[in-house]
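**Q** Can you keep this structure in mind? I'll have questions shortly.
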2 protein chains.
Amino acid sequence: MIAGMARLKTNLKIKVQLYCGDEIAMGPGKADLLVAIAREGSISAAARTMGMSYRRAWLLVDAMNRCWSEPLVAAKAGGGAQVTDFGSDVLDFYRAVQAQAEGAGEGPEIARLERLIRAEPLPAKA
Amino acid sequence: MIAGMARLKTNLKIKVQLYCGDEIAMGPGKADLLVAIAREGSISAAARTMGMSYRRAWLLVDAMNRCWSEPLVAAKAGGGAQVTDFGSDVLDFYRAVQAQAEGAGEGPEIARLERLIRAEPLPAKA
């Protein structure tokens, strides 16, 4: 699975979230869940491979379906679930935005920051 | 205060985090805290303006100081705290990376996504 919150270099994470009102319509966790549903063919199997409860996965799917103008996940004839064409498009666009944001990890400023940061933090004082 | 986790358009948030080992060396909350300390001249006053306990602010400062090769916040002669020149530089570089990441909010993909998203989510089923 492609990590939704990618680590560009050792020390940088860039996270893209799309909001609909106060709800997260798309973000790293929901994008990874869509990929898993497409691969596994059901919400329950996708949840299992992600170490997530079925209830949690179902709530994420329900939030996505309520936030976009069409459902991203739909029931499959004969059982299970599938990512709709609409859901595939949303996922593709989201990945493109994520990739563009990650371009910030290649500028001179981040290289400068990475020279100033420690490989490991000093221990916290007791 | 400049918001660390900026909203580019109504629905997009892009968050940049720099890790040192498992600790967050710099992110939206820590960047905002540095700005507040520089303005207020003490960790306690900065914490107050951010609605954060002194202990929480102190822990964030301690984590920053342990993650970078030099302290970002230091005691001021005569009392209070100040952001060091090193801390100012780190903050400036971080803001530059954040601004670059936010450039992803101006591409055609995000415009497309914003046309597909609802203004508000549909209500959750009871």
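**Q** Can we say A:G103 is on the phi > 0 side of the Ramachandran plot and not acidic (D, E)? Show your work before the answer.
**A** Details: on the phi > 0 side of the Ramachandran plot: no; not acidic (D, E): yes.
No, not satisfied.
**Q** Now a separate question. Can you tell me which residue in region B:22-52 is surrounded by the fewest Cβ atoms within 10 Å (Cβ to Cβ), limited to those that are within 17 Å of the chain's Cα centre (by Cα) and in a loop (DSSP other than H, G, I, E, B)?
**A** B:G51
**Q** Let me ask something else about it. Is there any pair linking a residue in region B:54-82 that is closer than 16 Å to B:G27 by Cα and within 11 Å of chain A (Cβ to nearest Cβ) to one that is open to solvent by less than 20 Å² (accessible area, probe 1.4 Å) and assigned to a helix (DSSP H, G or I), with Cβ under 7 Å and at least six apart or on different chains, and which?
**A** Qualifying pairs under 7 Å: B:W68/B:V90; B:L72/B:L34; B:L72/B:M64; B:L72/B:G87; B:L72/B:V90.
**Q** On to the next question. Would you please name the residue that is least open to solvent (accessible area, probe 1.4 Å), looking only at residues in region A:86-113 that are more than 8 Å from chain B (Cβ to nearest Cβ) and over 18 Å from the mean Cα position of the chain (by Cα)?
**A** Applying the filter and picking the extreme gives A:A111.
**Q** OK, next. Considering only residues that are surrounded by fewer than 17 Cβ atoms within 10 Å (Cβ to Cβ) and either within 8 Å of chain A (Cβ to nearest Cβ) or touching a strand residue (DSSP E or B) at 6+ places or on another chain (Cβ under 6 Å) (or both), look in region B:8-21 and name the one that is modelled with the lowest pLDDT.
**A** B:T10
**Q** Say we look at region B:114-126 and pick out the residues that are more than 7 Å from every other protein chain (Cβ to nearest Cβ) and open to solvent by 90 Å² or more (accessible area, probe 1.4 Å); which of these is farthest from A:Q17 (Cα to Cα)?
**A** It comes out as B:A126.
**Q** Evaluate the following for B:W58: is it of a type outside the set (S, T, N, Q) and open to solvent by 70 Å² or more (accessible area, probe 1.4 Å)? Steps first, please.
**A** Working: of a type outside the set (S, T, N, Q): yes; open to solvent by 70 Å² or more (accessible area, probe 1.4 Å): yes.
In short, yes.
The values are calculated or read from the model by the stated rules, or taken from the named source; none is laboratory data. Worth saying up front: this structure is predicted, and the values here are computed from it rather than measured. Here the Cβ is made from the backbone with ideal geometry for all residues, glycine too, and neighbour counts use every protein chain on show. The area values use the complete protein model at the heavy-atom level, side chains included, leaving out ligands, DNA and RNA. Shrake-Rupley method; radii C 1.70, N 1.55, O 1.52, S 1.80 Å.
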